[in-house]
Amino acid sequence: MSKSLNNLRIELSSINADIFELLNSRQKIIEQISKFKSENNLASWDPKQEMNLFKEYVSHYDERYDFLFSSLIEVQAYKCNDYPRWSLGSHLEQVNGNITDFMNPILLLARNESEYRNLKLKKNIKLQIEGLI
């Protein structure tokens, strides 16, 4: 027997609540990490750690969630410190108009190196990321 539309919407609403609860828990951990980094004079953006995170992510999930995951990382990390604003394209010399222009380039590198190579990254960002290859 199929569920009614109303029951499906109720189920979806419950899942949404769970997602936001997890996001809030994740944010609290990020705030603790940010505080630790600040107290220990560590850089707020750690490209090597991000590469590890994104390699793990791409090994389990396909690309349909890449933009969402990149945005999640940025929104939560930027709130705490001077994390790069990939979604604004400020890391690029030139915007090509692709959605990948506004994603974390390290995620793009972990997922698809040829698409990463199409980015027109600013020199300082490129140097930091190229050290990961």
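All of the numbers you see were taken from the coordinates with simple rules; none came from a lab. As the structure is a computational prediction, the values presented were derived from the model and not from experiment. No Cβ is skipped: glycine too gets one built from the backbone with ideal geometry, and neighbour counts run over all protein chains shown.
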Take the stretch 93-115 and flag every residue that is in contact with a helix residue (DSSP H, G or I) (Cβ under 7 Å, 6 or more places away or on another chain), part of a helix (DSSP H, G or I) and not acidic (Asp, Glu). Ile99, Thr100, Phe102, Pro105, Ile106, Leu107, Leu108, Leu109, Ala110, Arg111
I need the full set of residues from the stretch 116-131 which are in a helix (DSSP H, G or I), touching a helix residue (DSSP H, G or I) at 6+ places or on another chain (Cβ under 8 Å) and more than 16 Å from Pro84 (Cα to Cα), in order please. Tyr116
Conditions (1) under 13 Å from the mean Cα position of the chain (by Cα); (2) exposed (fewer than 14 other Cβ atoms within 10 Å of the Cβ); (3) among the polar types (S, T, N, Q); number of the one not met by Asn98: (1)
Taking the residues in the stretch 29-60 that are surrounded by 11 or more Cβ atoms within 10 Å (Cβ to Cβ) and charged (D, E, K, R) as candidates, determine which candidate is farthest from Asn104 (Cα to Cα). Lys35
In the stretch 112-133, is there at least one residue being basic (Lys, Arg), loosely packed, with under 14 Cβ neighbours inside 10 Å and under 24 Å from Arg26 (Cβ atoms)? no
Is there a residue in the stretch 56-66 that is within 21 Å of Gly131 (Cα to Cα) and of a type in the set (Val, Ile, Thr)? yes
Search result, residues across the stretch 39-79 that are of a type in the set (A, V, I, L, M) and in contact (Cβ under 8 Å) with a residue 40 or more places away in the chain: Met51, Val58, Leu72, Ala77
Using the structure shown, decide if Ser90 is closer than 29 Å to Ser25 by Cα and in a helix (DSSP H, G or I). no
Do we find a residue being farther than 23 Å from Asn24 by Cα and either touching a strand residue (DSSP E or B) at 6+ places or on another chain (Cβ under 6 Å) or part of a helix (DSSP H, G or I) (or both) anywhere in the stretch 39-50? yes
Restricting the stretch 61-79 to residues that are more than 12 Å from the chain's Cα centre (by Cα) and assigned to a helix (DSSP H, G or I), the residue that is surrounded by the most Cβ atoms within 10 Å (Cβ to Cβ): Glu63
